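Heads up: the structure comes next, in structure tokens.
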Amino acid sequence: MVVGEVAVETDVVVIGGGPGGYAAAIRLGQLGKSVVLIEKEVLGGVCLNRGCIPSKALIHTAGEYHKLSSLNKLGIQLPTGKSTFHMSSWQTWKSSVVAQLNNGVDYLCQANGVTVVKGAATFLSSDRIGVETSGDFETYKFKQAIIATGSRPFIPPFLKTDGESILDSTDMLALDEVPETLAIIGGGYIGMELGMAFAKLGSQVTVIEAAERILPQTAAHLSQEVLKQAKQLGMTVKIATKVEKAEVANGRVTLACTSVKNGSESITAHKTLVTIGRVPNTGELGLAQVGVEMDERGYIPVTSTGSTNKPHIFAIGDVTPGPALAHRATKQGIVAAEVIAGLPSSVDSPYVPYVIFTEPQIAGVGMTREEAELQGYSVKVAAFPYRANGRALAMDEGEGFAEVIVDQESHLLLGMHVVGADASNLIGEGVLALELAARVEDVALTMHPHPTLSEIWLEAAEAVLGHAIHIVNKSKVAVNK
Amino acid sequence: MVEFKLPDVGEGMHEGEIVKVLVRTGESVQQDQPLLEVQTDKVNAELSAPVTGIIREIFIAEGETVEVGTTLLVIDAGTDAKKEETKLPEKVVNPEKTVNFAPARADYRRSLATPYVRQLAREMKLDIELVTGTGAAGRVTEEDLRQFANRLQKAAPAKFPATATGNERLLEASTVAVETEAVVQPKTGSATRVATSSQGEIERLPLKGIRKKIAEHMMKSVTIIPHVTSVDELEMDQLRALREKLKSHADKRNIKLTFLPFFIKALVIALKEFPTLNASIDEHTNEILLKRFYHIGIATDTPEGLIVPVIKDADHKSIFQLAEEIDQLARLAREGKLTMEHITGGTFTISNVGPIGGLQATPIINHPEVAIISLHKMEKRWVVREDGGVIRWMMNLSLSFDHRLIDGVTAVRFTNRIKELLEDPNLLFAEMV
């Protein structure tokens, strides 16, 4: 570090080029601010390079591969001989998808006048930040800063990842071969998504979950559908089981596990994936230099505008308390940028949708029945099954259901949840409906295109009102609960 | 098709009587052409057509009283031909009116509005949670925001004017905090105007800032509290001698020793013996609040008007400490540097107008306190002592008290006690803690 070095002046620095940071930087550029976007690795962050996008590329591939076995039923005769999957070729394709998106972000940053600086950032004072670039140290003087450094997998010390046998999700997506056997520690959404994908691609998968069920954050009746499919894919699911030790020998990992039900047992696999949570990247930013407060777990508390205890420093995305979801980060990033530019924006919505790319997919927004009742609502709830939807059957996707939860008194929508094919795309309608404060009648009276999966919302809404067309409705009394 | 609903034409009106219907079904109307006359308890208004078109249906009759938001008639503006065929209901009543919907607060229980309306509220600097929605199930509409803003502007113009002085802002802030107003009003300039009426020249000044606050506060106090004022006369010779003696000591310590610290000392001793004078009344719960702390407000004149800084825990402070604190608070008040902390929490107020003059007064109690003392000019008077006329330094004291809580006998006993303590200040030391 050169002392007394001249600092480059800018309006705003954004630290971290993930879906929150780059959106904030672009929006700031649109609003006429000079912006420096500091990224340690590659623009796009975990989401684009090591998370959402690569994992969805794998999940899509696994789904396509898996379908080959059921094509026979549809009358398609494949040439004899076993189909094979080459993960190294998949890597090439995946890289091209990621590269295309990287370039897109890069281009958009340029087009909006965002200066991208590659390097690791550390706050030097309340208005200066240093960036260690390859072989240099640059200093920037800013008026406002946005911290968007994201999160990384949480790896407990006794499960030290080695990139060979004990892997985190990043390592897993960088494999060149499908492991013969795979143990996954943590049956949350990342573990189940990747576990099911590798099961479809031919791995013998064992999922070890410490809680009483997989996907513990999701309503039980929704995750039940996923458990059913996991079993059909030949996966072993061990619930209420704790991993106590991991030993690597001869290219195998042996996990020592305990559970109340089975006592001690050991599980051996070629690879072990650790997906037990994520931790915020706030430790090495020099936040103490600026006086930005963190909670005991390292998250930075923020207001609805994204500002920290220091009004000119903002934090967005996974470094803030709340679900680690890219769309939350993007929204926070845009709001922070607008607030910096003097606009009265706010992250004012409780409707943060979730999507889980398991088999079948789960997606939802708003409250579950349990949450609504806990909040003191009297609710009406109705579900509509995929198997009563023509399109679903024509796609050979009859598993799952959509569920609508409404306030009994006002009929306002409280929550919409769906488990089944393409749930991730279907939830868009739910988010919009809840955000617009729609009533169940608004959905029921809206014409939905036929034949599409979206009709399940129409019918679930009608079912709440006791008059769905394609199922026999329960008596009003039963529906009223 | 344009549904023409009864708008809120006056502040917070809920319903109006249709006095006259000026158009007929089938008639074509021009934009801004009068359609109806409506009377509310406040105003008589003419409602005119929002668009040019043909009156398709009229749902109300003359003499009928309807609620705000009720559809009065439908105008076909000729823009959407399709809907023309749709049979309109006999009468569009708002079915949501029957739904008992409690407005939402925390988390998911937020007020109902679309993201656009929420953004609009922020742009208008309104707290959407305070706006009553008239839309379906209590949704807040754009129109609701506008009406809310209009009402606020009428109710409280020029909140936080940019030119407000320190004291003004402080008082504004304290009132706003009390009223839990969540709205920052746009600035509205109000200049001085001079007009000449038939009687002569009148200068019209805006009633604003501290002056307005004082006006409101006084009005509130006299409206709520039945005031009674009792006046007594005190002999000050001994106290004057004592002060004279202590003054040289005070000067050494750079303390400006006035009579006020002695008055405060005597007051708190008396207050401890007469708890109902250091109290307030909770009108909502019908309870008497006896306060076991003695925070004495000192009515202070500032360039912008009266302000009352408070000496906290006056019973725990020495004469010199009180003198120092009075001096400091008075300076802060004149410089407009008092903070909320300085002007809140008082339990009793002293108004010391004696140095200026005046024989007696009927001071207005600083609500929610229940009594106030004003101290008047000290002067030599011819008085009778031991059946002979002598000249003594005398001072009048006026006590206004809340007759809801304090009866005349108690009040006079209270002032007797103060009189006793000040006429023989040795007693002050005897009672000192």
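Applying a threshold of 9 Å to beta carbon distances and a minimum spacing of six or more residues, or different chains, the list of pairs starting in the stretch A:181-199 at a residue that is more than 16 Å from A:Gly63 (Cα to Cα) and ending at one that is charged (D, E, K, R) and surrounded by 24 or more Cβ atoms within 10 Å (Cβ to Cβ) reads A:Thr181/A:Lys271; A:Leu182/A:Lys271; A:Ala183/A:Lys271. With respect to the conditions (1) surrounded by fewer than 22 Cβ atoms within 10 Å (Cβ to Cβ); (2) not assigned by TED's automatic domain parsing to the domain that holds A:Gly322, A:Glu293 falls short on a single one, namely (2).
A:Val365 - would you say it is buried (at least 22 other Cβ atoms within 10 Å of the Cβ), part of a strand (DSSP E or B) and more than 12 Å from chain B (Cβ to nearest Cβ)? It is false that A:Val365 is buried (at least 22 other Cβ atoms within 10 Å of the Cβ), part of a strand (DSSP E or B) and more than 12 Å from chain B (Cβ to nearest Cβ).
Restricted to helices (runs of 4 or more DSSP H) entirely inside the stretch A:151-262, those with at least 1 residues that are touching a helix residue (DSSP H, G or I) at 6+ places or on another chain (Cβ under 9 Å) and surrounded by fewer than 20 Cβ atoms within 10 Å (Cβ to Cβ) are A:169-173, A:220-232. For the residues A:Leu325, A:Leu285, the requirement of being in the same structural domain as A:Ala24 (by TED's automatic domain parsing), in contact with a Phe, Trp or Tyr (Cβ under 8 Å, 6 or more places away or on another chain) and closer than 29 Å to A:Ser223 by Cβ singles out A:Leu325. Kindly state which strands (runs of 3 or more DSSP E) lie completely within the stretch B:263-342 and contain at least 2 residues that are among the aliphatic types (A, V, I, L, M) and surrounded by fewer than 22 Cβ atoms within 10 Å (Cβ to Cβ). Per the criteria, B:279-282, B:287-290. Of all residues being not in a helix (DSSP H, G or I) and not β-branched (Val, Ile, Thr) in the stretch B:243-262, which is surrounded by the fewest Cβ atoms within 10 Å (Cβ to Cβ)? Just the residue, please. Result: B:Asn254. Figure legend. Inter-residue proximity from the stretch B:130-142: first residues at the interface with chain A (Cβ under 9 Å from one of its Cβ atoms), second residues surrounded by fewer than 21 Cβ atoms within 10 Å (Cβ to Cβ) and among the aromatic types (Phe, Trp, Tyr), beta-carbon distance below 8 Å, spacing 6+ or different chains. Indicated pairs: B:Ala137/B:Phe101; B:Gly138/B:Phe101. For the stretch A:114-126, indicate whether the set of residues that are over 30 Å from A:Ala288 (Cβ atoms) and either outside any loop (DSSP other than H, G, I, E, B) or of a type outside the set (A, V, I, L, M) (or both) is non-empty. Looking through the stretch A:114-126, none of the residues is over 30 Å from A:Ala288 (Cβ atoms) and either outside any loop (DSSP other than H, G, I, E, B) or of a type outside the set (A, V, I, L, M) (or both).
The set of residues in the stretch A:296-309 that are of a type in the set (Val, Ile, Thr) and surrounded by fewer than 22 Cβ atoms within 10 Å (Cβ to Cβ) comprises A:Thr303, A:Thr305.
Kindly evaluate A:Thr80 against the criterion of being among the hydroxyl-bearing types (Ser, Thr, Tyr) and modelled with pLDDT of 95 or more. So A:Thr80 fails the test.
The values are calculated or read from the model by the stated rules, or taken from the named source; none is laboratory data. What you are looking at is a predicted structure, and each value in this text was computed from that prediction instead of being measured. Here Cβ is always computed from backbone atoms with ideal geometry, including for glycine, and neighbour counts include all displayed protein chains.
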